[in-house]
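The values are calculated or read from the model by the stated rules, or taken from the named source; none is laboratory data. These numbers come from a predicted model, not from an experiment. We place every Cβ from the backbone using ideal geometry, glycine too, and count neighbours over all the protein chains shown. Each accessible area value is taken on the protein alone, full model and side chains, heavy atoms only, with ligands, DNA and RNA left out. Shrake-Rupley method; radii C 1.70, N 1.55, O 1.52, S 1.80 Å.
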Amino acid sequence: MRNKRRLRWAAIPIAAMLAVVLAGCTQAQLNGFLPGFEEGQPPVTSTTSMVSGLWVTSWLVLLVVGLIVWGLVIWTVIVYRRRKGQSGLPAQLRYNMPIEIFYTVVPLILVLGFFAFTARDQAVIEARYDEPDVNIEVFGKQWAWDFNYVDQDVYEPGIQAQPDTDAPAGTIVEDELPTLYLPVDKKVEIKLESRDVIHSFWVIDFLYKKDMIPGKTNYMSVTPTREGTFAGKCAELCGEYHSEMLFNVKVVSEEEFEQHMDDLAERGYTGQLDQDYNRLGNLPGNGQPDQHSEEGE
(Lines give C-alpha, C1' and ligand atoms only; values in the text may rest on other atoms or scores of the structure.)
Protein backbone atom coordinates (compact mmCIF):
# COMPACT_ATOMS: atom_id res chain seq x y z
CA MET A 1 0.00 0.00 0.00
CA ARG A 2 2.84 2.33 0.90
CA ASN A 3 4.58 1.56 -2.41
CA LYS A 4 1.43 2.46 -4.34
CA ARG A 5 1.26 5.81 -2.59
CA ARG A 6 4.89 6.49 -3.44
CA LEU A 7 4.27 5.66 -7.09
CA ARG A 8 1.22 7.91 -7.13
CA TRP A 9 3.13 10.85 -5.68
CA ALA A 10 6.01 10.22 -8.07
CA ALA A 11 3.64 10.20 -11.05
CA ILE A 12 2.27 13.67 -10.29
CA PRO A 13 5.52 15.62 -10.85
CA ILE A 14 6.39 13.47 -13.87
CA ALA A 15 3.00 14.21 -15.47
CA ALA A 16 3.35 17.91 -14.66
CA MET A 17 6.83 18.00 -16.19
CA LEU A 18 5.59 16.28 -19.36
CA ALA A 19 2.71 18.75 -19.64
CA VAL A 20 5.10 21.70 -19.36
CA VAL A 21 7.54 20.24 -21.89
CA LEU A 22 4.81 19.43 -24.42
CA ALA A 23 3.18 22.83 -23.95
CA GLY A 24 6.47 24.46 -24.88
CA CYS A 25 6.76 22.55 -28.16
CA THR A 26 6.33 24.43 -31.40
CA GLN A 27 3.84 23.37 -34.06
CA ALA A 28 6.66 21.81 -36.08
CA GLN A 29 7.92 19.81 -33.10
CA LEU A 30 4.45 18.52 -32.22
CA ASN A 31 4.10 17.29 -35.80
CA GLY A 32 7.42 15.50 -35.97
CA PHE A 33 9.24 18.31 -37.81
CA LEU A 34 7.28 17.45 -40.94
CA PRO A 35 6.67 20.16 -43.58
CA GLY A 36 3.22 21.67 -43.97
CA PHE A 37 2.92 23.15 -40.48
CA GLU A 38 3.64 26.71 -39.36
CA GLU A 39 3.08 28.40 -36.04
CA GLY A 40 -0.30 30.09 -35.93
CA GLN A 41 -1.33 28.67 -39.32
CA PRO A 42 -3.69 25.80 -40.18
CA PRO A 43 -2.28 22.68 -41.83
CA VAL A 44 -1.83 22.95 -45.60
CA THR A 45 -4.60 20.47 -46.44
CA SER A 46 -7.52 18.74 -44.77
CA THR A 47 -5.53 15.49 -44.46
CA THR A 48 -2.08 16.80 -43.51
CA SER A 49 -2.74 16.42 -39.77
CA MET A 50 -3.89 12.84 -40.29
CA VAL A 51 -0.63 11.89 -42.00
CA SER A 52 1.35 13.69 -39.32
CA GLY A 53 -0.60 11.87 -36.61
CA LEU A 54 0.35 8.50 -38.06
CA TRP A 55 4.00 9.53 -38.27
CA VAL A 56 4.32 10.99 -34.77
CA THR A 57 2.29 8.27 -33.03
CA SER A 58 4.30 5.52 -34.71
CA TRP A 59 7.57 7.07 -33.61
CA LEU A 60 6.34 7.51 -30.04
CA VAL A 61 5.27 3.86 -29.81
CA LEU A 62 8.56 2.70 -31.33
CA LEU A 63 10.51 4.96 -28.97
CA VAL A 64 8.79 3.38 -25.95
CA VAL A 65 9.54 -0.10 -27.31
CA GLY A 66 13.14 0.93 -27.94
CA LEU A 67 13.56 2.30 -24.41
CA ILE A 68 12.22 -0.93 -22.94
CA VAL A 69 14.51 -3.08 -25.11
CA TRP A 70 17.57 -0.93 -24.46
CA GLY A 71 16.78 -0.88 -20.74
CA LEU A 72 16.51 -4.67 -20.61
CA VAL A 73 19.74 -5.11 -22.57
CA ILE A 74 21.66 -2.73 -20.28
CA TRP A 75 20.11 -4.28 -17.18
CA THR A 76 21.08 -7.77 -18.37
CA VAL A 77 24.65 -6.69 -19.16
CA ILE A 78 25.08 -5.13 -15.71
CA VAL A 79 23.30 -7.69 -13.54
CA TYR A 80 24.52 -10.84 -15.26
CA ARG A 81 28.03 -9.74 -16.12
CA ARG A 82 30.88 -12.06 -15.23
CA ARG A 83 32.27 -11.28 -11.81
CA LYS A 84 35.85 -11.53 -10.71
CA GLY A 85 36.79 -15.11 -10.04
CA GLN A 86 33.95 -16.59 -12.10
CA SER A 87 34.54 -18.87 -15.08
CA GLY A 88 32.50 -20.81 -17.55
CA LEU A 89 29.01 -20.03 -18.80
CA PRO A 90 26.09 -19.03 -16.56
CA ALA A 91 23.09 -21.29 -16.20
CA GLN A 92 21.32 -21.58 -19.54
CA LEU A 93 17.53 -21.19 -19.71
CA ARG A 94 15.52 -22.76 -22.54
CA TYR A 95 11.89 -23.01 -23.47
CA ASN A 96 10.64 -20.28 -21.16
CA MET A 97 7.08 -20.25 -22.39
CA PRO A 98 5.92 -16.98 -20.74
CA ILE A 99 8.83 -15.05 -22.28
CA GLU A 100 8.42 -16.70 -25.70
CA ILE A 101 4.70 -15.93 -25.71
CA PHE A 102 5.46 -12.34 -24.66
CA TYR A 103 7.96 -11.59 -27.44
CA THR A 104 5.66 -13.24 -29.99
CA VAL A 105 2.38 -11.63 -28.97
CA VAL A 106 3.64 -8.06 -28.36
CA PRO A 107 5.22 -7.57 -31.82
CA LEU A 108 2.10 -9.09 -33.38
CA ILE A 109 -0.09 -6.58 -31.51
CA LEU A 110 2.16 -3.72 -32.64
CA VAL A 111 2.08 -4.80 -36.29
CA LEU A 112 -1.69 -5.25 -36.25
CA GLY A 113 -2.11 -1.87 -34.56
CA PHE A 114 0.06 -0.07 -37.11
CA PHE A 115 -1.82 -1.80 -39.92
CA ALA A 116 -5.26 -0.99 -38.51
CA PHE A 117 -4.60 2.72 -37.97
CA THR A 118 -2.87 3.06 -41.34
CA ALA A 119 -5.72 1.32 -43.16
CA ARG A 120 -8.27 3.51 -41.35
CA ASP A 121 -6.56 6.79 -42.28
CA GLN A 122 -5.64 5.62 -45.78
CA ALA A 123 -9.30 4.93 -46.51
CA VAL A 124 -10.13 8.54 -45.63
CA ILE A 125 -7.18 10.07 -47.51
CA GLU A 126 -7.73 8.01 -50.65
CA ALA A 127 -11.51 8.46 -50.80
CA ARG A 128 -12.65 10.38 -53.88
CA TYR A 129 -15.10 13.26 -53.53
CA ASP A 130 -18.61 12.56 -54.79
CA GLU A 131 -18.96 16.13 -56.06
CA PRO A 132 -15.59 17.93 -56.25
CA ASP A 133 -15.63 21.70 -56.62
CA VAL A 134 -12.65 21.70 -58.98
CA ASN A 135 -11.54 19.05 -61.48
CA ILE A 136 -7.94 19.11 -62.72
CA GLU A 137 -5.98 16.77 -64.96
CA VAL A 138 -2.21 16.59 -64.59
CA PHE A 139 0.06 15.04 -67.23
CA GLY A 140 3.53 13.91 -66.21
CA LYS A 141 6.07 13.88 -69.03
CA GLN A 142 9.81 13.71 -69.44
CA TRP A 143 10.60 16.06 -67.78
CA ALA A 144 7.84 18.51 -66.85
CA TRP A 145 4.12 18.87 -66.22
CA ASP A 146 0.99 19.96 -68.08
CA PHE A 147 -2.18 21.05 -66.29
CA ASN A 148 -5.73 20.81 -67.64
CA TYR A 149 -8.34 22.84 -65.77
CA VAL A 150 -11.27 20.69 -66.84
CA ASP A 151 -14.22 22.77 -65.58
CA GLN A 152 -12.86 25.99 -67.08
CA ASP A 153 -11.75 24.29 -70.36
CA VAL A 154 -8.29 25.86 -70.25
CA TYR A 155 -4.84 24.40 -69.82
CA GLU A 156 -1.30 25.43 -68.94
CA PRO A 157 1.74 23.72 -70.49
CA GLY A 158 5.02 23.45 -68.66
CA ILE A 159 8.69 22.89 -69.31
CA GLN A 160 11.37 21.45 -67.06
CA ALA A 161 13.39 23.65 -64.72
CA GLN A 162 15.55 26.06 -66.69
CA PRO A 163 19.08 26.99 -65.49
CA ASP A 164 19.59 30.58 -64.42
CA THR A 165 22.65 31.69 -66.37
CA ASP A 166 22.99 34.85 -64.29
CA ALA A 167 23.26 32.98 -60.99
CA PRO A 168 25.61 30.38 -59.48
CA ALA A 169 25.67 26.93 -61.05
CA GLY A 170 22.71 24.77 -60.08
CA THR A 171 20.31 27.71 -59.74
CA ILE A 172 17.04 27.53 -61.66
CA VAL A 173 14.59 30.16 -62.86
CA GLU A 174 11.73 29.83 -60.36
CA ASP A 175 9.32 31.97 -62.40
CA GLU A 176 9.41 29.47 -65.28
CA LEU A 177 8.48 26.40 -63.24
CA PRO A 178 5.06 24.91 -64.03
CA THR A 179 2.60 26.22 -61.44
CA LEU A 180 -0.66 24.52 -60.53
CA TYR A 181 -3.29 26.90 -59.15
CA LEU A 182 -5.75 25.61 -56.54
CA PRO A 183 -8.53 27.56 -54.79
CA VAL A 184 -8.39 27.50 -51.01
CA ASP A 185 -11.06 25.58 -49.05
CA LYS A 186 -12.40 23.89 -52.19
CA LYS A 187 -12.68 20.15 -52.82
CA VAL A 188 -10.19 19.41 -55.58
CA GLU A 189 -9.92 16.17 -57.54
CA ILE A 190 -6.69 15.77 -59.50
CA LYS A 191 -6.62 13.19 -62.28
CA LEU A 192 -3.06 11.92 -62.73
CA GLU A 193 -1.80 10.65 -66.09
CA SER A 194 1.62 9.86 -67.56
CA ARG A 195 2.57 10.20 -71.21
CA ASP A 196 5.74 8.13 -71.22
CA VAL A 197 7.25 6.47 -68.11
CA ILE A 198 6.32 6.17 -64.44
CA HIS A 199 6.38 9.50 -62.61
CA SER A 200 5.25 10.45 -59.10
CA PHE A 201 3.26 13.59 -58.29
CA TRP A 202 4.58 14.85 -54.96
CA VAL A 203 3.59 18.07 -53.22
CA ILE A 204 5.98 18.11 -50.28
CA ASP A 205 3.94 20.18 -47.83
CA PHE A 206 0.82 18.13 -48.57
CA LEU A 207 2.63 15.06 -47.14
CA TYR A 208 1.10 13.19 -50.05
CA LYS A 209 2.33 11.77 -53.32
CA LYS A 210 0.95 9.39 -55.88
CA ASP A 211 2.40 7.49 -58.83
CA MET A 212 1.55 8.33 -62.42
CA ILE A 213 1.64 5.14 -64.49
CA PRO A 214 1.30 4.99 -68.30
CA GLY A 215 -2.06 3.48 -69.24
CA LYS A 216 -3.44 3.78 -65.69
CA THR A 217 -5.37 6.73 -64.26
CA ASN A 218 -4.88 7.61 -60.59
CA TYR A 219 -6.72 10.25 -58.57
CA MET A 220 -5.79 12.56 -55.74
CA SER A 221 -8.58 14.21 -53.75
CA VAL A 222 -7.50 17.07 -51.53
CA THR A 223 -8.87 20.23 -49.92
CA PRO A 224 -6.22 22.98 -49.55
CA THR A 225 -6.83 24.92 -46.34
CA ARG A 226 -4.06 27.53 -46.38
CA GLU A 227 -2.98 29.97 -49.07
CA GLY A 228 0.64 29.94 -50.18
CA THR A 229 3.10 28.54 -52.69
CA PHE A 230 4.29 24.98 -52.11
CA ALA A 231 7.08 23.10 -53.87
CA GLY A 232 6.46 19.92 -55.81
CA LYS A 233 8.61 17.46 -57.70
CA CYS A 234 8.63 14.08 -59.36
CA ALA A 235 9.44 11.46 -56.73
CA GLU A 236 10.14 8.59 -59.16
CA LEU A 237 13.42 8.30 -61.05
CA CYS A 238 12.21 8.86 -64.60
CA GLY A 239 15.25 9.50 -66.76
CA GLU A 240 18.20 11.77 -67.39
CA TYR A 241 16.64 15.06 -66.29
CA HIS A 242 14.51 13.72 -63.45
CA SER A 243 16.02 16.23 -61.00
CA GLU A 244 14.69 19.09 -63.15
CA MET A 245 11.09 17.82 -63.15
CA LEU A 246 9.92 20.44 -60.65
CA PHE A 247 6.70 22.40 -60.20
CA ASN A 248 4.90 24.64 -57.72
CA VAL A 249 1.40 24.52 -56.29
CA LYS A 250 -0.13 27.92 -55.60
CA VAL A 251 -3.13 27.90 -53.28
CA VAL A 252 -5.04 31.14 -53.77
CA SER A 253 -8.42 32.71 -53.12
CA GLU A 254 -11.31 31.77 -55.39
CA GLU A 255 -11.17 35.23 -57.01
CA GLU A 256 -7.47 34.88 -57.83
CA PHE A 257 -8.05 31.39 -59.14
CA GLU A 258 -10.78 32.58 -61.51
CA GLN A 259 -8.55 35.47 -62.61
CA HIS A 260 -5.79 33.02 -63.50
CA MET A 261 -8.26 30.97 -65.53
CA ASP A 262 -9.24 34.11 -67.44
CA ASP A 263 -5.56 34.92 -68.04
CA LEU A 264 -4.96 31.47 -69.53
CA ALA A 265 -7.93 31.91 -71.86
CA GLU A 266 -6.62 35.32 -72.97
CA ARG A 267 -3.22 33.77 -73.73
CA GLY A 268 -4.92 31.30 -76.05
CA TYR A 269 -4.63 28.24 -73.82
CA THR A 270 -8.21 27.10 -74.40
CA GLY A 271 -9.28 23.50 -74.77
CA GLN A 272 -7.56 20.50 -73.22
CA LEU A 273 -4.18 18.86 -73.77
CA ASP A 274 -4.14 15.16 -74.62
CA GLN A 275 -1.68 12.29 -74.47
CA ASP A 276 0.35 13.41 -77.52
CA TYR A 277 3.80 14.68 -76.61
CA ASN A 278 7.28 14.89 -78.12
CA ARG A 279 9.82 15.09 -75.34
CA LEU A 280 12.60 16.19 -77.73
CA GLY A 281 11.12 19.68 -77.75
CA ASN A 282 11.38 19.86 -73.97
CA LEU A 283 15.09 19.28 -73.45
CA PRO A 284 16.86 21.61 -71.02
CA GLY A 285 17.68 25.02 -72.45
CA ASN A 286 15.14 24.97 -75.27
CA GLY A 287 12.87 27.40 -73.48
CA GLN A 288 9.80 26.51 -75.56
CA PRO A 289 6.81 26.81 -73.24
CA ASP A 290 4.52 27.49 -76.21
CA GLN A 291 5.39 24.29 -78.04
CA HIS A 292 2.24 22.56 -76.68
CA SER A 293 -0.21 25.19 -77.75
CA GLU A 294 -0.95 23.25 -80.91
CA GLU A 295 -1.87 20.18 -78.84
CA GLY A 296 -4.73 21.99 -77.18
CA GLU A 297 -6.22 23.34 -80.37
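Assorted remarks:
- Solvent-accessible area of residue 166, all protein chains in place: 140 Å² (probe radius 1.4 Å, heavy atoms, ligands and nucleic acids excluded).
- Computed extension length for residue 82-residue 62: 4.1 nm, one decimal, from 0.36 nm per residue of separation with the Cα-Cα distance subtracted.
- Farthest positive-ward along region 85-231 dipole, Cα basis, beta-carbon charges - from 149, 86, 194: 86
- Within the accessible area of region 70-129, the carbon and sulfur atoms contribute 71%, probe 1.4 Å, all protein chains present.
- Accessible area in square angstrom per residue, region 76-140, 1.4 angstrom probe: 86 Å²
- Accessible surface of residue 251 - all protein chains present, 1.4 Å probe, nearest 10 Å²: 0 Å²
- The residues of region 167-248 expose, per residue, 43 Å² of accessible area to a 1.4 Å probe.
- Taking the accessible area of region 153-267, probe 1.4 Å, and keeping the other protein chains in place, the carbon and sulfur fraction comes to 45%.
- 3J(HN,Hα) couplings calculated from phi for region 224-233 with the Karplus curve 6.51 cos²θ - 1.76 cosθ + 1.60 (θ = phi - 60°) are, in sequence order, x, 10, 9, 6, x, 10, 10, 6, x, 7 Hz; Gly and Pro show x.
- Among the protein heavy atoms, those of residue 82 account for about 150 Å² of accessible surface (1.4 Å probe, every chain in place).
- Applying a threshold of 19 Å to the alpha-carbon distances of 186/233; 141/216; 141/186; 141/210 flags 186/233; 141/186 as lying beyond it.
- Largest to smallest in accessible area, the residues 62, 177 fall in the order 62, 177 (1.4 Å probe, all protein chains included).
- Each of 182, 67 has its accessible area taken with a 1.4 Å probe; listed largest first, they run 67, 182.
- Shape category assigned to region 201-282 from the gyration tensor of Cα positions, a/c cut at 1.5: oblate
- The accessible-area ordering, largest first, of the residues 87, 58, 46 stands as 87, 46, 58, per a 1.4 angstrom probe.
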